[in-house]
Structures are given as C-alpha cells and as structure tokens.
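The values are calculated or read from the model by the stated rules, or taken from the named source; none is laboratory data. Values in this document were obtained by computation on a predicted structure and should not be read as measured data. Cβ coordinates were reconstructed from backbone atoms using ideal geometry, including for glycine residues, and neighbour counts include every protein chain displayed. We work out accessible area using only protein heavy atoms, side chains counted, and drop any ligands, DNA or RNA first. Shrake-Rupley method; radii C 1.70, N 1.55, O 1.52, S 1.80 Å.
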Amino acid sequence: MAKVDLAQVGKNSLKSAETGEIVELQSLWQDQPVVLFFLRRFGCQICRWMASEISKLEPDLRASRVGLVGVGPEEFGLKEFKEGGFFKGSIYVDEQKKTYKDLGFKRYTAVSVVPAALGKKVREIAAKAKADGIQGNFSGDLLQSGGMLIVAKGGEKVLLHFIQDSPGDHLPLEDISKALGISATVKAGQRPVCNDDVCTR
C-alpha cells in the first residue's frame with residue numbers, strides 16, 4: 001500500500017455539504033483526530049448501510065474527541081443521503097476526486113464494475129441494507145471506489161488507510177476503534193448467511 005503524504009493530500013479542497021464552504025482536508029485533523037469515510041456514491045445502497053454502521057461509533061468518537069467525516073465524490077444523491085439520516089458525522093464533497101485519486105481509491109471500468117457489483121460481499125451487504133430498510137439508486141458515478149483514512153491530531157501520522165478492493169469491502173467497527181486506541185460500546189450489524197444464489201438474515 002502506498003504511503004500517504006499527509007502534507008500533500010492535506011492541501012486538497014473539499015466542499016462542505018452543510019455550508020458550501022471550501023476547506024482544506026488538513027483542517028479536518030488540525031485540532032482533533034479524524035475518521036474520514038470515503039463513499040463510492042451517496043446513492044449507493046451499500047455505502048448508505050456502511051455509513052449507518054460507522055455512525056454507530058459516533059457517540060464513542062465524540063466522547064474521545066475524534067471527528068467523524070463522510071466524503072462523497074460528487075453531489076448526486078447528496079440531498080437524499082442527508083434526508084435519510086444515514087450518517088451522523090459532517091459531510092463533504094470532493095468535486096475534483098483528487099483526494100480519492102491521491103489515496104489510491106481505484107476506479108472501475110465499465111467491464112470490471114459488473115462482476116465487482118455482483119460479488120458475494122456486495123450481495124451480503126445489500127441483503128443487510130434491505131433488511132434494515134435502506135434503499136439506494138444508480139444515479140451518479142458508478143465506477144468510483146472508496147475507503148477510509150484515519151489521521152492523528154495535527155496530521156502527526158496516518159493511523160489507518162483502507163482501500164476498498166470490491167464495493168462490498170468495509171472495515172469492522174472494532175478495527176476503527178482499535179486504530180484510534182479507544183473502546184467502543186457498539187456491536188456491528190448482523191451478517192446475513194449467503195450462498196451463491198441467495199442471502200438471508
């Protein structure tokens with residue numbers, strides 16, 4: 001995995017979904033450690049489920065003075081995402097997708113996205129999302145992948161850098177709390193049982 005140059009990546013601009021203000025990425029970790037969750041798309045059903053899972057950590061993160069930030073690669077689906085209350089942290093948009101590129105979050109091709117989107121991990125999480133009443137849509141950039149970056153206060157160091165290999169890849173909640181050295185009081189959502197044809201809870 002490529003080393004993250006926080007000084008360089010930190011100069012990238014993000015747009016606040018709340019205020020429309022343009023901020024430098026490094027401002028998000030200037031005064032506190034931060035968990036940066038990079039979504040594939042705001043309309044993605046699986047991303048919405050992952051956002052709701054990560055949000056279970058929000059009370060523990062807040063108590064430990066750790067910021068929680070969601071970043072999307074475009075504004076498609078943002079209004080619906082916010083209205084759905086899927087994420088409990090601040091939300092930003094990386095309109096140039098520069099941070100996605102700098103962090104090594106790959107882009108699928110029109111050919112490679114189909115098997116990736118039909119993989120077992122994706123079907124498992126889609127089943128979880130559906131069981132939790134989380135829907136999605138297919139508007140926006142379907143080819144972008146995402147991941148996570150956890151940075152220590154002041155940009156002292158990268159605590160965790162996770163790159164999705166498939167759209168269904170996500171970090172267990174305990175990996176996030178462990179990277180930050182905090183204890184979490186939440187449990188991950190129940191994983192469905194899947195075979196090649198069907199997923200059930």
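Condition test on Leu78, is it at pLDDT 95 or above and hydrophobic (A, V, I, L, M, F, W, C)? No, not satisfied. Looking only at the stretch 1-23, filter to residues that are basic (Lys, Arg) and either free of Cβ contacts under 8 Å to residues at least 24 places away in the same chain or more than 16 Å from Lys98 (Cβ to Cβ) (or both); which one of those is surrounded by the fewest Cβ atoms within 10 Å (Cβ to Cβ)? Taking the candidates together, the pick is Lys3.
For the criterion of being among the β-branched types (Val, Ile, Thr), more than 17 Å from the chain's Cα centre (by Cα) and at pLDDT below 95, Val113 passes.
Just so you know, in the stretch 86-109 the residues that are small (Gly, Ala, Ser) and modelled with pLDDT of 95 or more include one that is surrounded by the most Cβ atoms within 10 Å (Cβ to Cβ), and it is Gly89.
Might you let me know whether the stretch 71-83 holds any residue that is part of a strand (DSSP E or B), closer than 18 Å to Phe105 by Cβ and open to solvent by less than 10 Å² (accessible area, probe 1.4 Å)? Show your work before the answer.
First, the residues of the stretch 71-83 that are part of a strand (DSSP E or B): 71-72.
Cutting the leftovers down to closer than 18 Å to Phe105 by Cβ gives us 71-72.
Those left that are additionally open to solvent by less than 10 Å² (accessible area, probe 1.4 Å): 71-72.
Looking for residues that are part of a strand (DSSP E or B), closer than 18 Å to Phe105 by Cβ and open to solvent by less than 10 Å² (accessible area, probe 1.4 Å), one finds at least one in the stretch 71-83, hence yes.
Identify, from the list Gln26, Gln32, the residue that is among the polar types (S, T, N, Q), assigned to a helix (DSSP H, G or I) and open to solvent by 10 Å² or more (accessible area, probe 1.4 Å). Lay out the reasoning, then the answer.
Details: Gln32 fails: assigned to a helix (DSSP H, G or I).
Only one candidate passes the filter, namely Gln26.
Filter the stretch 2-21 down to the residues that are among the charged types (D, E, K, R) and part of a loop (DSSP other than H, G, I, E, B), then identify the one that is nearest to Glu156 (Cα to Cα).
Across the stretch 2-21, the extreme among qualifying residues is Asp5.
What is the one condition in (1) open to solvent by less than 40 Å² (accessible area, probe 1.4 Å); (2) in a loop (DSSP other than H, G, I, E, B); (3) at pLDDT 85 or above; (4) over 13 Å from Leu36 (Cα atoms) that Asp169 does not satisfy? The number of the failed condition is (3). The condition of being under 17 Å from the mean Cα position of the chain (by Cα), surrounded by fewer than 24 Cβ atoms within 10 Å (Cβ to Cβ) and hydroxyl-bearing (Ser, Thr, Tyr) holds for only one of Ser64, Ser55, that being Ser55.
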